[in-house]
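This report concerns only the one structure given below.
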Amino acid sequence: MATEGGGKEMNEIKTQFTTREGLYKLLQHSEYSRPNRVPFNSQGSNPVRVSFVNLNDQSGNGDRLCFNVGRELYFYIYKGVRKAADLSKPIDKRIYKGTQPTCHDFNLLTATAESVSLLVGFSAGQVQLIDPIKKETSKLFNEERLIDKSRVTCVTWVPGSESLFLVAHSSGNMYLYNVEHTCGTTAPHYQLLKQGESFAVHTCKSKSTRNPLLKWTVGEGALNEFAFSPDGKFLACVSQDGFLRVFNFDSVELHGTMKSYFGGLLCVCWSPDGKYIVTGGEDDLVTVWSFLDCRVIARGHGHKSWVSVVAFDPYTTSVEESDPMEFSGSDEDFQDLLHFGRDRANSTQSRLSKRNSTDSRPVSVTYRFGSVGQDTQLCLWDLTEDILFPHQPLSRARTHTNVMNATSPPAGSNGNSVTTPGNSVPPPLPRSNSLPHSAVSNAGSKSSVMDGAIASGVSKFATLSLHDRKERHHEKDHKRNHSMGHISSKSSDKLNLVTKAKTDPAKTLGTSLCPRMEDVPLLEPLICKKIAHERLTVLVFLEDCIVTACQEGFICTWARPGKVVSFNP
């Protein structure tokens, strides 16, 4: 627990910290955990994860949270900064035998006060669909482990869909499921749909439609996490082989790749406007990658061990529509940063999208993101204009982020980069011509569009006729590693060579896949604070607070500046 001292601790555990917005304060009464509040002995267990959903009920207290600790899964009313946590009354509690929950995700589209759909992935490979309000278990997927026997690393509902969800495993495979379909009583047979560099996508070959609809084989080793872009069209995957791979989800095309400095990549997230991706991993770094330019634009060094979670803060992302050449103020000019309402976040996203429009009016942006790691530290970072657009004259520093070795990336280091004409004030970034369709436009109207696109895409996959089938090798079922490097057939020999060449660190270091440290700006964190006794596994930015959790099973709420409510717990 954050308040407990510890004479042996080198660093005192912090219960508050200050940024330019003001004071963030840990709310002791808003700590969630197992009802007995005893620290969980985390040896050998899966990471604690937290999922949130808002039920939009009339009480004004519709927030719910789900978290896993060891073999247990809890579902509580989340009172946040408003009221003390009541741990004696979980809405639902489940204890599993023979397997542990590893990850979970609410369907935000279908959630109501009476019913909510929660997907839970398990260490033995199964995925369960439960309703913790009705206390029902409706379906179990991969029940006999015929689809994949390895641990579920990430499970997410497909954005805008009421029935489709995507599951990643430590085998390196991802599977697309439909909750309306069964999994079948025999192991699935696949036929190749598309193959590319270090990835392959197969459809399930059966007389009647069954799960999984698609099987993705990505990279080598475990697929640690994936994240959909804000508009739901692109999918970012990070793997144990150290690669970030970004796909167009509908067309199953590889958009771009990036390689960690060393070791595996463990976590990934998108900026609210879909322009930037941040990864973290075993190189102790956070890496910022430009979606449009397909290149690394900055790295951040603050953690002393592996980075386990990265997340953008949409409520502290600043958008200024004044001319950047007319800066004359100081930090006090940015009082709008103190407003953390949902309307603010939505307007931020819509204003961010102006960079994609033909409006030549300059927009000045500062992105805020955070990271937590196995070093028990929370870091906050600001991504500013001088990093995003290094070729323009550096505007007056607007944040306290320090930039070391801020050398511009060598010109022409990446053939895909979108160059900006040498104006004193650059116009909005043009769209990359290589995109199948616009990356960030119409983000607000995604739900119906996504449903139609996914449905048509999946029906296309499901109705592939025999003569459309490419007579390529059929992947052998139930190998321990399903990665492309382990598929043995003549048609993949060339692919194996490419994969091995790409994963050789000596070959990628110094290229656009993995620039040298001195070739990209190195960020220092705004704050870097030790906030737990055990490794941190959760970081979520909410409207009036930040939520963190550690492997001991304590979920902590940090009130944003001005959001502390005084009351007697």
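Here the condition is being within 12 Å of GLY219 (Cα to Cα) and either within 23 Å of the chain's Cα centre (by Cα) or among the small types (Gly, Ala, Ser) (or both); of SER198, SER163, it holds for SER198 alone. Among residues belonging to the stretch 78-95 that are in contact with a strand residue (DSSP E or B) (Cβ under 6 Å, 6 or more places away or on another chain) and without any contact (Cβ under 8 Å) to a residue 60 or more places away in the chain, point out the one that is surrounded by the fewest Cβ atoms within 10 Å (Cβ to Cβ). Applying the filter and picking the extreme gives ILE95.
Scan the stretch 132-184 for residues that are among the aliphatic types (A, V, I, L, M) and over 21 Å from ARG94 (Cβ atoms) and jot them down. Steps first, please.
Here is the first cut: in the stretch 132-184, the ones among the aliphatic types (A, V, I, L, M) are 133, 140, 146-147, 152, 155, 158, 164, 166-168, 174, 176, 179.
Result: LEU146, ILE147, VAL158, LEU164, LEU166, ALA168, MET174, LEU176.
For the stretch 44-98, enumerate the residues that are of a type in the set (A, V, I, L, M) and over 22 Å from the mean Cα position of the chain (by Cα). Walk me through it before giving the result.
To start, the set of residues in the stretch 44-98 that are of a type in the set (A, V, I, L, M) comprises 48, 50, 53, 55, 65, 69, 73, 77, 81, 84-85, 87, 91, 95.
Across the stretch 44-98, the qualifying residues are LEU55, ILE77, VAL81, ALA84, ALA85, LEU87, ILE91, ILE95.
Scanning the stretch 511-531 for residues that are open to solvent by less than 10 Å² (accessible area, probe 1.4 Å) and part of a loop (DSSP other than H, G, I, E, B) yields VAL520, PRO521, ILE531.
Checking the stated criteria, THR153 turns out not to satisfy the condition of being open to solvent by 10 Å² or more (accessible area, probe 1.4 Å), among the β-branched types (Val, Ile, Thr), in contact with a Leu (Cβ under 7 Å, 6 or more places away or on another chain) and modelled with pLDDT under 95. Within the stretch 118-138, the residues that satisfy the criterion of being modelled with pLDDT of 95 or more and not in a loop (DSSP other than H, G, I, E, B) are LEU118, LEU119, VAL120, GLY121, PHE122, VAL127, GLN128, LEU129, ILE130, ASP131. The single condition among (1) open to solvent by 40 Å² or more (accessible area, probe 1.4 Å); (2) small (Gly, Ala, Ser); (3) assigned to a strand (DSSP E or B) that GLY98 does not meet is (3).
Summed over the stretch 236-256, the residues that are of a type in the set (Val, Ile, Thr) and within 20 Å of LEU193 (Cβ to Cβ) give a count of 2. Looking only at residues of the stretch 156-174 that are of a type in the set (Gly, Ala, Ser) and assigned to a loop (DSSP other than H, G, I, E, B), we find that the one that is surrounded by the most Cβ atoms within 10 Å (Cβ to Cβ) is GLY172. Residues that are under 16 Å from PHE122 (Cβ atoms) and among the small types (Gly, Ala, Ser) within the stretch 63-89 comprise just one, GLY70.
Within the stretch 53-98, which residues are among the small types (Gly, Ala, Ser) and farther than 22 Å from THR110 by Cα?
Going through the stretch 53-98, the residues among the small types (Gly, Ala, Ser) turn out to be 59-60, 62, 70, 80, 84-85, 88, 98.
Answer for the stretch 53-98, where residues must be among the small types (Gly, Ala, Ser) and farther than 22 Å from THR110 by Cα: GLY70, GLY80, ALA84, ALA85, SER88, GLY98.
When residues in the stretch 52-68 are screened for being at pLDDT 95 or above and open to solvent by less than 10 Å² (accessible area, probe 1.4 Å), 5 of them pass. Could you check, for the stretch 269-284, whether at least one of its residues is over 25 Å from GLU518 (Cβ atoms) and aromatic (Phe, Trp, Tyr)? Yes. Of all residues in the stretch 534-566, those satisfying the criterion of being part of a loop (DSSP other than H, G, I, E, B), open to solvent by less than 10 Å² (accessible area, probe 1.4 Å) and either closer than 19 Å to HIS29 by Cβ or small (Gly, Ala, Ser) (or both) are GLY553, PHE554, ARG560.
Taking the criterion of being at pLDDT 95 or above, touching a helix residue (DSSP H, G or I) at 6+ places or on another chain (Cβ under 9 Å) and in a loop (DSSP other than H, G, I, E, B), the only residue of the stretch 204-216 that qualifies is LEU213. Determine whether the stretch 365-383 contains at least one residue that is at pLDDT below 95, surrounded by fewer than 21 Cβ atoms within 10 Å (Cβ to Cβ), more than 21 Å from the chain's Cα centre (by Cα) and not in a loop (DSSP other than H, G, I, E, B). No, the stretch 365-383 has no match at all.
Meeting the requirement of 2 or more residues that are open to solvent by 10 Å² or more (accessible area, probe 1.4 Å), the strands (runs of 3 or more DSSP E) wholly within the stretch 217-316 are 223-228, 253-259, 265-270, 295-301, 307-312. Within the stretch 137-159, residues that are within 20 Å of CYS237 (Cβ to Cβ) have Cβ atoms under 7 Å from residues that are open to solvent by 50 Å² or more (accessible area, probe 1.4 Å) and of a type in the set (Asp, Glu) in these pairs: THR153/GLU225; CYS154/GLU225, counting only partners at least 6 apart in sequence or on another chain.
The values are calculated or read from the model by the stated rules, or taken from the named source; none is laboratory data. Because the structure is predicted, anything quoted here is derived from the model rather than measured. Because the Cβ atoms are built from the backbone with ideal geometry, glycine has one as well, and the counts that use them run over all protein chains shown. To get the accessible areas, we keep the full protein, side chains included, count just its heavy atoms, and leave off ligands, DNA and RNA. Shrake-Rupley method; radii C 1.70, N 1.55, O 1.52, S 1.80 Å.
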